[in-house]
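The values are calculated or read from the model by the stated rules, or taken from the named source; none is laboratory data. Note that the structure is predicted; figures quoted are calculated from it, not measured. Every residue, glycine among them, receives a Cβ derived from its backbone with ideal geometry; neighbour counts consider all protein chains shown.
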Amino acid sequence: MKLFVTQGSPYARKIRVVLAEKRIDCEIVMLANLSDPDSPLPAFNPLGKVPTLVLDDGSGLYDSPVIAAYLDSKTPVAHLIPQASHIEVKRWEALADGICDATVAVVMEGRRMPEKQDSAAAERQQLKVERGLRVMAHDLGDSKWCLGEAFSLADIAVGCTLGYISLRMPALAWQEQYPNLARLYEQLMKRPSFQNTVPPG
Ligand SMILES: N[C@@H](CCC(=O)N[C@@H](CS)C(=O)NCC(=O)O)C(=O)O
């Protein structure tokens, strides 16, 4: 198997953390530029997005929730989507990924020429990020992990999102606003899987 990633993608980081937690060997192919016309990615994923997993039979698997579920089903080592909490884990993942989607949209809007920027659209996306963080903090409460006592894919997805927001929206200062999310991130950063996948500044 090989996994196409970029350094900064939070969705790709999620899968790299899953691979490490489940001790699955996989070649990591780091792409520098997703708009490169010679990119090998579209041959495996018509959407041209990372992460894309290439299976041993040469077929491509995407997107990150599908890859995470596939990898979790591949080996019982460190089960990350417990059957009894399957829907709850997927809801956490959808929330965390959705916050990343909104963060990407804000960042992309900011990169447009000033006269082409749509501040109302950016504000709508920013609100999604802020509401999403509030709900994550509320739902985590005083629990150790998103599901309570059990570490799961929900924690991985939330951690990758928090890392991405720190990088892309440092002014948001979510750590001060939500100390319980900061405590969760601190716990996650003790794990080699998170330490070894920190996005570059
Ligand atoms: N829902 C997808 C999102 C993947 C995604 O948007 N990846 C970005 C990088 S962070 C990408 O590949 N963008 C390139 C493009 O949209 O052409 C997933 O969870 O895998």
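Overview of results
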read-out: From the options VAL29, VAL54, VAL89, VAL17, residue that is in the same structural domain as SER152 (by TED's automatic domain parsing) and either more than 10 Å from the ligand (Cβ to nearest atom) or in contact with a Cys (Cβ under 9 Å, 6 or more places away or on another chain) (or both); value: VAL89
read-out: Of all residues making up the stretch 130-167, the number that are of a type in the set (D, E, K, R) and in contact with a Cys (Cβ under 9 Å, 6 or more places away or on another chain); value: 2
read-out: Matching residues, the stretch 1-52, being touching a residue at least 60 places away in the same chain (Cβ under 8 Å) and aromatic (Phe, Trp, Tyr); value: TYR11
read-out: Test: VAL66 is more than 21 Å from ALA105 (Cβ to Cβ) and near the ligand (Cβ under 9 Å from one of its atoms); value: yes
read-out: Positions within the stretch 92-126 being more than 16 Å from the ligand (Cβ to nearest atom) and touching a residue at least 12 places away in the same chain (Cβ under 8 Å), in sequence order; value: ALA121, ALA122, GLN126
